Every structure is written in C-alpha cells, then in structure tokens.
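**Student:** Structure incoming, see below.
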Amino acid sequence: MEKLFFLLSQRQTNQQKHPHQSSPHGTHQAKLHVHGKALHALHKIESFPSLSLTRSLTFPLLPSQLSSLSSLQLANLSSTNISGAIPPSFGLLTHLRLLDLSSNSLSGSIPQELGQLSSLQFLYLNSNKLSGGIPPHLANLTFLQVLCLQDNLFNGSIPSQLGSLVSLQEFRVGGNPFLTGEIPAQLGLLTNLTTFGVAATGLSGVIPPTFGNLINLQTLALYDTEVSGTIPPELGLCSELRNLYLHLNKLTGSIPPQLGKLQKLTSLLLWGNALSGAIPADLSNCSSLVLLDASANDLSGEIPADLGKLVFLEQLHLSDNSLTGIIPWQLSNCTSLTALQLDKNQLSGTIPWQVGNLKYLQSLFLWGNLVSGTIPASFGNCTELYALDLSRNKLTGSIPEEIFSLKKLSKLLLLGNSLSGGLPRNVAKL
C-alpha cells in the first residue's frame with residue numbers, strides 16, 4: 001500500500017446537497033496522507049464524525065479495518081480497482097449514510113450485516129462482479145433513498161420485503177442477467193420512487209398494476225426482459241413519467257389509451273414486443289413527446305392523424321407492423337421531425353406533398369408498402385435529408401429534379417416501383 005489519501009471534512013449541518021456530489025469547497029477540511037502500512041493508521045482518525053474517502057492510488061482488497069471508524073458517515077471508494085468480498089464487519093458502521101463501492105471488481109455476495117446500517121441513505125454497489133441473491137435484510141434500511149445494484153451477477157428474485165423502503169427514490173438492478181422471478185407487486189408501495197430500472201435481466205411475469213401508485217416516477221426502464229402480459233392502464237396515473245422504456249419484452253394486447261394522460265412523457269419505447277390493435281389517438285395528448293417507437297409489433301389500423309399535434313416530436317418509428325390506410329398529411333405539422341420510419345407496413349395512398357414542411361427531416365423510410373402516385377417535388381425543401389428509401393411501393397411518374405438538389409442526400413433507394421423517365425442531366429455531377 002504505497003499511499004492512501006483521506007479527505008476529511010466537517011459537514012455543515014444545514015447542507016442540502018447529495019453527499020455523493022458534495023464539494024469540500026467552502027467547508028473546513030483537513031488532509032491526511034498515510035504512507036507504508038496505511039491501514040494500521042486508521043484508528044488514529046476514528047473520531048472524525050464525517051469522512052469522505054477518495055483514492056489517490058488503488059486498493060488490492062477492500063480494507064476491513066474501515067469498520068473501526070465508528071463515526072464514519074461517508075465512504076466513497078468508487079473506481080479504486082478493489083477486488084475480493086465486502087467485509088461483513090462493515091455492518092458495524094451504524095453512522096454511515098453513504099457507501100459507494102461502485103465500479104470495482106468486488107465478488108461474492110452482499111453481507112446480510114449491511115442490513116444493520118440503520119442510518120444508510122445511499123448504497124452504490126453497481127458495476128462489480130457481485131453474485132448471490134439480493135438480501136431481504138436490506139429492507140431494514142428504512143432511510144435508504146438510493147439503491148444501485150446494476151451491472152453485477154446477482155441471481156434469484158427481487159425480495160418483496162423491499163416494498164417497505166418508503167424513502168427509496170432510485171432502484172436500479174438492471175444488467176443482472178441471472179436475476180429471475182416476477183416483479184413484486186409490493187414495490188408499488190414505493191411512492192417516492194423517481195427511477196425504477198430492471199432492464200437486461202431475466203425477470204418474468206407481468207408489470208404490476210400497483211405501479212400506478214408511483215406518482216413521482218420519472219423513468220421506468222423495464223426492457224430486454226422476459227416480462228409478458230399487457231401494459232397496465234394504471235401507468236397513466238404516473239403523471240411525472242418522462243421516460244417509459246418497455247421495448248424488447250414479450251408484451252401483448254393493445255397500447256392503453258390511458259398513456260395519453262402522461263403530458264410530461266418525452267420518450268415512449270415499445271418496439272420489439274407483440275402488441276396488437278390500433279395506435280390510440282390519445283397519444284397525441286402526450287404534448288412533450290420527443291421519441292415514439294412502436295416498431296416491430298403487430299399493430300393494425302390507421303396512423304392517427306392527431307399525432308400531428310405532437311409539435312416536439314423528433315422521431316416517429318412505426319415500421320414492421322400491419323398498419324393500413326394513408327399517410328396522414330397532418331404529420332407534416334410535426335416540424336421538429338428528424339426521423340420518420342413507416343416501412344414494412346401496408347400503407348396506401350400517396351405521399352403527402354406537405355412532407356416538404358419537414359425542414360429538419362434527416363431520414364424517411366417508406367419502403368415495403370403499397371404507396372402509389374408520384375414522388376412529391378416538395379422533397380426539395382427537406383434540406384437536411386440524407387436517407388430516403390421509397391423502394392418496393394407502387395410509385396409512378398418521374399423522379400423530381402428537386403431531389404437531386406439535396407446536398408446532404410447520400411442514400412436514395414427507389415427500386416421496385418414503376419417509375420418512368422430518365423435521370424436529370426445534373427445527376428452526373430453528384
């Protein structure tokens with residue numbers, strides 16, 4: 001152990017910052033440099049009421065001697081290349097409010113003794129090689145606000161007892177591929193939750209309707225799992241929801257029109273499921289929506305013209321479904337659109353000339369439909385367009401010269417149509 005650096009700071013009692021992000025500037029501080037056998041010197045500083053540990057070099061093993069610091073409140077050992085197991089003796093640090101061991105190489109299981117840290121508010125164990133089950137004893141941490149266990153090797157199920165952590169604001173266990181079982185309905189009691197992340201796990205079962213109680217939830221990251229069943233309409237009660245990520249699951253049934261109540265929603269990802277039925281026009285009430293992706297499902301019916309009310313929408317992906325009817329000209333009112341993907345459907349009618357209003361459009365995919373008529377010359381107004389794929393439709397007429405004036409266009413696919421006429425003479429200059 002060549003060198004161990006401790007930053008000691010007497011925290012102000014009225015400080016409101018997250019202790020993991022707090023800065024020593026403006027507070028009384030002292031520095032202690034310990035050389036040689038640094039761990040033997042820990043007993044000399046055990047009287048400090050608040051101690052934030054940061055590294056100047058790396059630890060080969062997590063020092064169990066830290067448990068002798070009986071007044072320790074903050075322990076930040078993130079990204080110090082620590083390996084080995086978490087010492088059970090850490091359960092003696094009953095004044096600890098923050099424990100950050102993230103981004104290391106820790107292995108083994110979480111000691112049940114961590115459930116004795118009665119003052120703990122923030123627990124970061126993410127990005128390690130921890131295994132075993134998530135201890136139900138963590139439910140004893142009644143003041144816990146943040147629980148980050150993502151990107152490890154945990155197995156078993158999520159303990160239903162965690163539903164008693166009423167102060168919890170962030171719950172992240174994603175990136176644990178061996179985590180199985182159903183999502184406990186009791187987690188719907190965590191009404192202070194702002195973030196719920198269980199993506200890239202082996203969780204199955206259904207999305208609990210009790211999640212409608214999560215009135216402060218802002219991000220629901222529940223994708224790339226084995227979750228099936230329908231999307232609970234109760235999610236429409238989560239009025240603070242900004243990001244709803246339900247893609248790459250086994251969801252069936254229709255898209256609940258109640259999701260249209262989510263006026264703060266910016267991202268709605270539903271792609272890669274087995275959803276059916278029509279796209280509810282109620283989604284046009286999600287006035288903050290920026291990204292809507294419901295591709296690779298089995299949706300049918302027409303594209304709601306009311307989606308044209310989504311003036312902040314930048315990306316609309318509805319490809320690889322069974323949509324019919326015409327392309328609504330009202331989509332041209334979504335003047336922020338950069339990507340419009342409607343390929344691999346059964347859309348018919350013509351391409352609306354109003355498409356020229358989409359001045360920020362960068363990619364438009366309509367291939368694999370039944371679209372007929374001519375290619376609108378108004379495409380020449382889409383000066384940001386770099387990819388245009390209209391292949392495998394029933395288009396007729398000539399190719400408008402205006403398309404070849406688009407300086408950023410690098411991909412133009414028109415094969416499989418009934419186009420006529422020659423190419424403009426200036427094509428050879430492109």
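Let's see how each residue does on (1) in contact with a strand residue (DSSP E or B) (Cβ under 6 Å, 6 or more places away or on another chain); (2) crowded, with 23+ Cβ neighbours inside 10 Å; (3) modelled with pLDDT of 95 or more:
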position: PRO111; (1), (2), (3): no, no, yes
position: SER118; (1), (2), (3): no, no, yes
position: GLN121; (1), (2), (3): no, no, yes
position: LYS129; (1), (2), (3): yes, no, yes
position: PRO135; (1), (2), (3): no, no, yes
position: ASN140; (1), (2), (3): no, no, yes
position: PHE143; (1), (2), (3): no, no, yes
position: LEU149; (1), (2), (3): no, yes, yes
position: SER157; (1), (2), (3): no, no, yes
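**Student:** Which number in (1) farther than 25 Å from GLN346 by Cβ; (2) under 31 Å from the mean Cα position of the chain (by Cα) marks the one condition that LYS411 misses?
**Tutor:** Checking LYS411 against (1) farther than 25 Å from GLN346 by Cβ; (2) under 31 Å from the mean Cα position of the chain (by Cα), the one that fails is (1).
**Student:** Step by step: first the residues of the stretch 382-430, then only those that are at positive phi, in a loop (DSSP other than H, G, I, E, B) and modelled with pLDDT of 95 or more, then the one that is surrounded by the most Cβ atoms within 10 Å (Cβ to Cβ). Which residue is that? Reasoning before the result, please.
**Tutor:** If we filter the stretch 382-430 for residues that are at positive phi, which is where we start, we get 392, 397, 416, 421.
From what's left, in a loop (DSSP other than H, G, I, E, B): 392, 416, 421.
Retained after the next criterion (residues that are modelled with pLDDT of 95 or more): 392, 416.
Numbers: ARG392: 19, GLY416: 14.
Filtering first and then ranking leaves ARG392.
**Student:** Being crowded, with 21+ Cβ neighbours inside 10 Å and either within 25 Å of SER287 (Cα to Cα) or not basic (Lys, Arg) (or both): is that true of LEU179 here?
**Tutor:** Spelling it out, LEU179 is indeed crowded, with 21+ Cβ neighbours inside 10 Å and either within 25 Å of SER287 (Cα to Cα) or not basic (Lys, Arg) (or both).
**Student:** With ASP306, ASP282 as the choices, which residue is within 15 Å of PRO328 (Cα to Cα) and either at pLDDT below 95 or out of contact with any strand residue (DSSP E or B) (no Cβ under 7 Å at 6 or more places or on another chain) (or both)? Don't jump to the end; show me each part of the working.
**Tutor:** On the way: ASP282 fails: within 15 Å of PRO328 (Cα to Cα).
On inspection, the qualifying residue turns out to be ASP306.
**Student:** Within the stretch 248-277, track down each residue that is over 19 Å from LEU307 (Cβ atoms) and either in a loop (DSSP other than H, G, I, E, B) or among the β-branched types (Val, Ile, Thr) (or both).
**Tutor:** LEU248, ASN249, THR252, GLY253, GLY272, ASN273, ALA274
**Student:** Among the listed residues LEU217, LEU268, LEU275, identify the single one that is within 24 Å of GLY181 (Cα to Cα), under 17 Å from the mean Cα position of the chain (by Cα) and at pLDDT 95 or above.
**Tutor:** The conditions single out LEU217.
**Student:** Is there any pair with a first residue in the stretch 243-260 that is touching a residue at least 60 places away in the same chain (Cβ under 8 Å) and closer than 16 Å to ALA281 by Cα and a second that is among the acidic types (Asp, Glu) and surrounded by fewer than 19 Cβ atoms within 10 Å (Cβ to Cβ) whose Cβ atoms are under 9 Å apart and which are 6 or more apart or on different chains, and what are they?
**Tutor:** As it stands, the answer is none, since no pair meets every condition given.
**Student:** While we're looking at this one, here's another question. From the set of residues in the stretch 149-171 that are touching a helix residue (DSSP H, G or I) at 6+ places or on another chain (Cβ under 7 Å) and hydroxyl-bearing (Ser, Thr, Tyr), which is farthest from ALA199 (Cα to Cα)?
**Tutor:** Per the stated criteria, the residue is SER164.
**Student:** Scan the stretch 320-350 for residues that are farther than 18 Å from LYS394 by Cβ, among the polar types (S, T, N, Q) and either part of a loop (DSSP other than H, G, I, E, B) or touching a residue at least 40 places away in the same chain (Cβ under 8 Å) (or both) and jot them down.
**Tutor:** Result: ASN321, THR335, SER336, THR338, GLN341.
**Student:** Collect the residues in the stretch 355-378 that are under 34 Å from the mean Cα position of the chain (by Cα) and among the polar types (S, T, N, Q), keeping them in residue-number order.
**Tutor:** ASN357, GLN362, SER363, ASN369
**Student:** Look through LEU316, LEU292 and report the one residue that is under 24 Å from GLU226 (Cα atoms), in a strand (DSSP E or B) and not hydroxyl-bearing (Ser, Thr, Tyr). Before you say what the answer is, go through the steps one by one.
**Tutor:** Details: LEU316 fails: under 24 Å from GLU226 (Cα atoms).
LEU292 is the lone residue from the list that is under 24 Å from GLU226 (Cα atoms), in a strand (DSSP E or B) and not hydroxyl-bearing (Ser, Thr, Tyr).
**Student:** Just to be sure before I move on: is SER204 surrounded by fewer than 22 Cβ atoms within 10 Å (Cβ to Cβ), over 20 Å from SER118 (Cβ atoms) and more than 15 Å from the chain's Cα centre (by Cα) in the structure I sent?
**Tutor:** Yes, satisfied.
**Student:** Somewhere in the stretch 351-358, is a residue assigned to a strand (DSSP E or B) and either surrounded by 23 or more Cβ atoms within 10 Å (Cβ to Cβ) or without any contact (Cβ under 8 Å) to a residue 40 or more places away in the chain (or both)? Reasoning before the result, please.
**Tutor:** Here is the first cut: in the stretch 351-358, the ones assigned to a strand (DSSP E or B) are none.
Scanning the stretch 351-358, I find no residue that is assigned to a strand (DSSP E or B) and either surrounded by 23 or more Cβ atoms within 10 Å (Cβ to Cβ) or without any contact (Cβ under 8 Å) to a residue 40 or more places away in the chain (or both), so the answer is no.
**Student:** Can you confirm whether the stretch 154-171 contains a residue that is of a type in the set (D, E, K, R), in a strand (DSSP E or B) and under 21 Å from the mean Cα position of the chain (by Cα)?
**Tutor:** Within the stretch 154-171, one or more residues are of a type in the set (D, E, K, R), in a strand (DSSP E or B) and under 21 Å from the mean Cα position of the chain (by Cα).
The values are calculated or read from the model by the stated rules, or taken from the named source; none is laboratory data. Predicted model only: the values in this text are computed from it and were never measured. Every residue, glycine as well, gets a Cβ built from its backbone with ideal geometry; the counts of neighbours run over all protein chains shown.
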